[in-house]
Amino acid sequence: MEINDKNIINRLKRTEGQIRGIQKMIEEEKDCMAIITQLSAVRSSIDRVMGMIVAENLKDCLEHPENSAEEQAKKMEQAINLIIKK
C-alpha cells in the first residue's frame, strides 16, 4: 500500500507543530494541566492518523484482493488488529 494522502501529511505536520509547542511550554514551565491537555490532543491526533492509514489499508485490501483467499484474510485480520490494539 502506498500512502501519499495529503490529508495524512498535513495532520502529521500539524501534530509536529503541537509537539514543538509542548516543548516550548515545558521550557517556559507552563501549567502542568495545560501541558497534559496538549499531550492528550497530540495522542488523539496520532490515533486519528493511524485510523486513516488502517482504513486506507482495508480499502486497498477490498479493492485489490490477494490471489490467495488465505493471504487476503490474513491482511484483513492484521488491519483489524491494528485498530483494536490502540
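Computed quantities for the displayed model
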{"quantity": "Filter result (of a type outside the set (Gly, Ala, Ser), touching a helix residue (DSSP H, G or I) at 6+ places or on another chain (Cβ under 8 Å) and without any contact (Cβ under 8 Å) to a residue 12 or more places away in the chain) within the stretch 1-48", "calculated": "ILE26"}
{"quantity": "Qualifying residue in the stretch 7-29 (condition: modelled with pLDDT under 90 and open to solvent by 50 Å² or more (accessible area, probe 1.4 Å))", "calculated": "yes"}
{"quantity": "Filter result (within 19 Å of LYS13 (Cα to Cα) and among the polar types (S, T, N, Q)) within the stretch 38-76", "calculated": "GLN38, SER40, SER44, SER45"}
{"quantity": "Top-ranked residue in the stretch 77-86 [being surrounded by fewer than 11 Cβ atoms within 10 Å (Cβ to Cβ) and either modelled with pLDDT of 80 or more or among the charged types (D, E, K, R) (or both); ranked as farthest from ASN10 (Cα to Cα)]", "calculated": "GLU77"}
{"quantity": "Residue among LYS13, LYS30, LYS59, LYS24 that alone is out of contact with any Asp or Glu (no Cβ under 9 Å at 6 or more places or on another chain) and in a loop (DSSP other than H, G, I, E, B)", "calculated": "LYS30"}
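The values are calculated or read from the model by the stated rules, or taken from the named source; none is laboratory data. All values derive from a computational prediction rather than experimental measurement. Note: ideal-geometry Cβ built from the backbone for every residue, glycine included; neighbour counts use all protein chains shown. Just the protein is used for accessible areas: all its heavy atoms, side chains included, with ligands, DNA and RNA removed. Shrake-Rupley method; radii C 1.70, N 1.55, O 1.52, S 1.80 Å.
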